[in-house]
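A short worksheet on the structure shown next.
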Amino acid sequence: MSGGAILTAAEMRAAEQALFATGIPEYDVMVRAGRAVAEMVWRVGAKRDVLVLCGPGNNGGDGYVIARRLREHGVPVRVAAMADPATESAKRARDDWGGPVEDIMACAPAHQLVDALFGTGLTRELDASLAGRLCDLAKQANHVYAVDLPSGIATDDGAILSPVPHYHLCLSLGAWKRAHMLRPAALCWDQMACLDIGLDIGMATPGAAVRRLEKPRLSAPADDAHKYRRGLVAVVAGAMAGAAALSAEAAARAGAGYVRLVGAQAIVDAPHAIVRVSSRDEDALTDPRIAALLVGPGLGRTEAAAQKLRAALEAGQAMAVDADALWHLGEGAWPALPPRAILTPHEGEFVRLFPDLAEGTPIDRALAAAARSGAVVVLKGPVSVIAAPDGRAAIADRAPSWLSTAGTGDVLAGLCAGRLAVTGDPFGAACEAVWLHGEAARRAGPAFIADDLLHGIGSAIKACL
Ligand SMILES: NC(=O)C1=CN([C@@H]2O[C@H](COP(=O)(O)OP(=O)(O)OC[C@H]3O[C@@H](n4cnc5c(N)ncnc54)[C@H](OP(=O)(O)O)[C@@H]3O)[C@@H](O)[C@H]2O)[C@@H](O)CC1
Ligand SMILES: Nc1ncnc2c1ncn2[C@@H]1O[C@H](COP(=O)(O)OP(=O)(O)O)[C@@H](O)[C@H]1O
Ligand SMILES: [K+]
């Protein structure tokens, strides 16, 4: 199975070729794909009538297989094509269908519509008349399915090349494609699923290092744990004390054994469990027991804030760097980041830090930034990308849009620092943090504020134990 890998069109073709090289004929894979889609259509729509739209390539070939399978289930099904099949497998699939093939521009609509016009082989926008016809037929259907991808979507960057209708279900074949994760494509359907067609995508498969973020497996503290072993986090406080307090509490709730707020005398409303220490304490940042530093939330953009960032970097500890600290790093010369660092920029902070990486997909941009900085980069947004310098990336595409409220980034930064202190692994920690953040948001329900997220972290962790 794909194990959550997210491939480009070329990577998908290579994975399919590897399967064919094991002796499995292309047509057999097409039959697996078509049957898997047909089972879903049958499960969702039962015996309501279906119109399958077939294109000239193997996506169209899948369509003929789908129609044949639905017919075997006793579903009233018709096929309409825009052109004759152009590949051997698609020709064979049409022959095996053997039923009538209507003209797409003249066919009647149906209760259910299956779009098997184009998949990963789409190279350009659809003719306006064909795109319009697809949208019309979809409007008249109650259930609309996309086979692999909606026809009109660019596989590798999720761009909409020509008008596409709204789909109820998008059924990816064999592995996720990048368009399944990226906006605007991923807003074109209500639900999506990835169907098994027998591809075995191991970590050696090109592209397999980019995966969909999955629920992490966490463990309870060891039997002999104590507060230092569980991880001491020092959060550098600055001008806006509330932001650091949010982060500190998130770090503690993420599992760190001990959280100190450094230089935060002004904070009166952080939990009593968070220990305030003075920034004048000699080892406030260099205490060897510190497992992770966090610098940035509420730090401020003054010279004094810059000095705090400098001191934190000079301490050489594993650290998470967020918000104003990222702003400072955007100009001037700074001590090197420590070997285990997590940067958590939103789009604006990212572009300031990496001005030449303003174009492209968030996946490629975050990977390039991680490779250059040597840090794990969490490029935050409606879809967040966690990228490691070694080329691994995890895509978080399911976070609730209610997260778009002030302070949620501070909570995420605290979660990153907390998990980093617990595990010592920046990529794993960032993945865990982003997952827990999204899960806490789901548990907080609608219209929460950042503070409410803190109370969802415990139950989000419980779900991962
Ligand atoms: N490989 C496999 O074993 C398996 C693949 N599978 C399935 O195959 C799909 C990929 O198949 P594919 O590579 O044949 O590409 P596909 O998306 O059908 O379209 C290519 C055709 O469309 C044409 N064309 C392109 N853009 C166009 C446009 N705007 N307007 C008009 N024409 C356009 C292009 O011709 P061109 O003019 O570009 O030369 C070509 O004829 C994949 O998504 C999955 O569903 C599964 O069956 C599992 C096994
Ligand atoms: N529309 C959205 N859908 C899902 N998540 C979002 C959306 N907008 C923002 N987020 C998430 O909310 C957090 C906001 O962080 P950030 O922009 O740093 O906010 P702040 O600085 O106010 O704390 C990030 O984790 C981001 O991924
Ligand atoms: K399609």
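Just so it is clear, none of the values below were taken in a lab; they were calculated from the coordinates. Note that the structure is predicted; figures quoted are calculated from it, not measured. Because the Cβ atoms are built from the backbone with ideal geometry, glycine has one as well, and the counts that use them run over all protein chains shown.
The table below gives the values:
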quantity: Segment 179-187 - phi-based ³J(HN,Hα) in whole Hz, Karplus 6.51/-1.76/1.60, Gly and Pro as x; calculated: 4, 5, 9, 9, 7, x, 3, 5, 8
quantity: Rg to Rh, two decimals, where segment 307-347 supplies the alpha carbon set and Rh follows Kirkwood; calculated: 0.92
quantity: DSSP beta bridge pairing in the chain, given as percent antiparallel to the nearest 5; calculated: 15 percent
quantity: Residues whose placed amide H lies under 5 Å from that of LEU261, excluding near-sequence neighbours; calculated: VAL235, VAL275, ARG276, VAL277
quantity: Neighbour net charge for ARG230 - beta-carbon separation under 13 angstrom, K R +1, D E -1; calculated: +3
quantity: Cα gyration tensor shape of segment 74-148, rounded if a/c is under 1.5, else prolate or oblate by comparing a/b with b/c; calculated: oblate
quantity: 3J(HN,Hα) from dihedral phi, segment 191-206, Karplus parametrisation 6.51/-1.76/1.60, rounded to Hz, x for glycine, proline; calculated: 9, 9, 8, 10, 9, 6, 10, x, 6, 10, 9, x, 5, 7, 5, x
quantity: DSSP beta bridges in segment 232-462 [antiparallel fraction, %, rounded to 5]; calculated: 25 percent
quantity: Hydrodynamic radius by Kirkwood, which averages 1/r over all alpha carbon pairs of segment 6-208, in angstrom; calculated: 16.5 Å
quantity: Tilt relative to the chain, helix 362-373 - C-alpha long axis, 0 to 90 degrees, to 10; calculated: 40 degrees
quantity: Segments 398-409, 94-105, 70-81 sorted - mean Cβ within 10 Å per residue, highest first; calculated: 70-81, 398-409, 94-105
quantity: Rg to Rh quotient for segment 62-115, alpha carbon positions, Kirkwood Rh; calculated: 0.94
quantity: Gap separating the Cα centres of segment 37-56 and segment 130-155, nearest whole Å; calculated: 13 Å
quantity: Two-decimal Rg to Rh for the chain - Kirkwood Rh, Cα set; calculated: 1.07
quantity: Karplus-derived 3J(HN,Hα), 6.51/-1.76/1.60, for each residue of segment 425-437, Hz, glycine and proline x; calculated: 10, x, 5, x, 5, 5, 5, 4, 5, 5, 5, 4, 4
quantity: Rel. contact order, % - alpha carbon contacts under 8 angstrom, at least six apart, segment 1-147; calculated: 25 percent
quantity: Euclidean distance of C-alpha centroids, segment 292-310 and segment 112-127, integer Å; calculated: 50 Å
quantity: Relative exposure of HIS168, HIS226, HIS437, judged by other C-beta atoms within 10 Å (fewest first); calculated: HIS226, HIS168, HIS437
quantity: Local electrostatic count at ALA146 - Lys and Arg +1, Asp and Glu -1, tallied over other residues with Cβ under 12 Å; calculated: -3
quantity: Over 22 Å [Cα-Cα, segment 310-465], rounded percent; calculated: 37 percent
quantity: Other-chain or far-sequence residues with amide H under 5 Å of GLY300's (modelled H); calculated: ALA239, MET240, ASP324
quantity: For LEU343, distant residues with modelled amide H under 5 Å away; calculated: VAL321, VAL376, VAL377, VAL378
quantity: Total formal charge among the other residues, if their Cβ is under 14 angstrom from that of PHE20, Lys/Arg +1 and Asp/Glu -1; calculated: -3
quantity: Ranking of SER89, SER278 by count of other Cβ atoms within 10 Å, fewest first; calculated: SER278, SER89
